[in-house]
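J.: Next up is a structure, given as structure tokens.
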Amino acid sequence: MDKRLADLLSLLELEQLEYNLFRGESRDIGSPQVFGGQVLGQALVAASRTVDGRLCHSLHAYFLRPGDFSASIVYDVDRSRDGHSFTSRRVVAIQHGVQIFNMSASFQVEEPGLEHAAIMPNVPPPEDLSDFEAYGLEILDRLPEKVRRFFDHRRPVEFRPVELPDYLNPAPRPAYKHVWVRTIGRVPDDDPKLHRALLAYLSDYNLLDTATQPHAASIAELQMASIDHAMWFHRPFRADEWLLYSTDSPSASGARGFSRGSFFSRDGRLVASTAQEGLMRVRGPAAGDAARRPAR
């Protein structure tokens, strides 16, 4: 197994400290604070460790403070309710004695019911597209120092964007994107709880930046951070098989961007949905220019 994937799986294992207390480590991925997807995935693992025979079907989370990747994170799980069909959990992530994140998650027993789903967009398959990591290495020496560390980091997930971004010469683009995603290797564990946690981890990529596309803002101009994140799991999937992440942003205002996402399997099944609002603040002299720049 690739050591990057092995490290991600070890991040999601968590150490159990007490009946409802778990501890996770963090990694520096080149961002100013702990990657939100890491906290989201670990919190889902913590909640899932307190539930038997049921899978998470939805979660709603708030990022309260920036996480420090040099310190561990404690996850305190509240066993809110164990019902006949549904189980509810609340998770609070604590670091340096304060809350940095909280999440509510709902679990359900498997049962049949009515079904319909959105149709997967018609896009090229991942085999016909360029790897995003290779593209990042090509332009690395021309990127601003602020963002170079983020692009220089080797990740445990693979991205094949349908619409390749131009970070060197940004121009206004429609507020949607399509990216094929998967872990960089096969995950030996077939546990659907683990694959949900992995999808939660990678769902924080490629979501908020969809809201920046109509504004042609350089990533060096922006202060960006997830504020809240919601996710719904619809159908079985594997995070180590190609999934199309289709995202769009219907609104940006008040220094916040709102984005939505849908995950489709290779055979066209809608397997999960996401929504996120995040901070999208223009900093420095560029702030006035951005306010006057028309979105298209």
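J.: Of the residues 46, 71, 6, which is surrounded by 17 or more Cβ atoms within 10 Å (Cβ to Cβ) and either within 21 Å of residue 207 (Cα to Cα) or among the aliphatic types (A, V, I, L, M) (or both)?
T.: 46
J.: Report yes if some residue within the stretch 165-182 is more than 15 Å from residue 259 (Cβ to Cβ), in contact with a strand residue (DSSP E or B) (Cβ under 8 Å, 6 or more places away or on another chain) and of a type in the set (Gly, Ala, Ser); otherwise report no.
T.: no
Quick grid of which residues meet (1) assigned to a loop (DSSP other than H, G, I, E, B); (2) charged (D, E, K, R); (3) touching a helix residue (DSSP H, G or I) at 6+ places or on another chain (Cβ under 8 Å); (4) at pLDDT below 90:
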site	(1), (2), (3), (4)
135	no, no, no, yes
151	no, no, yes, yes
174	yes, no, yes, no
178	no, no, no, no
181	no, no, yes, no
198	no, no, yes, no
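J.: Same structure again: Within the stretch 206-221, can you find the residues that are in contact (Cβ under 8 Å) with a residue 60 or more places away in the chain, part of a loop (DSSP other than H, G, I, E, B) and crowded, with 20+ Cβ neighbours inside 10 Å?
T.: Within the stretch 206-221, 207, 217, 221 qualify.
J.: On the given criteria, is residue 43 part of a helix (DSSP H, G or I), without any contact (Cβ under 8 Å) to a residue 12 or more places away in the chain and not β-branched (Val, Ile, Thr)?
T.: No: the conditions fail for residue 43.
J.: Given the structure, is residue 28 within 24 Å of residue 185 (Cα to Cα) and assigned to a loop (DSSP other than H, G, I, E, B)?
T.: Judged against the criteria, residue 28 is a match.
J.: For the stretch 90-106, state whether one or more residues are modelled with pLDDT of 95 or more, touching a Ser or Thr at 6+ places or on another chain (Cβ under 6 Å) and not β-branched (Val, Ile, Thr).
T.: Yes, the conditions are met somewhere in the stretch 90-106.
The values are calculated or read from the model by the stated rules, or taken from the named source; none is laboratory data. Every value quoted in this text rests on a predicted model; they were computed, and no experiment measured them. A quick note on method: Cβ atoms are made from the backbone with ideal geometry, for glycine too, and the neighbour counts reach across all protein chains shown.
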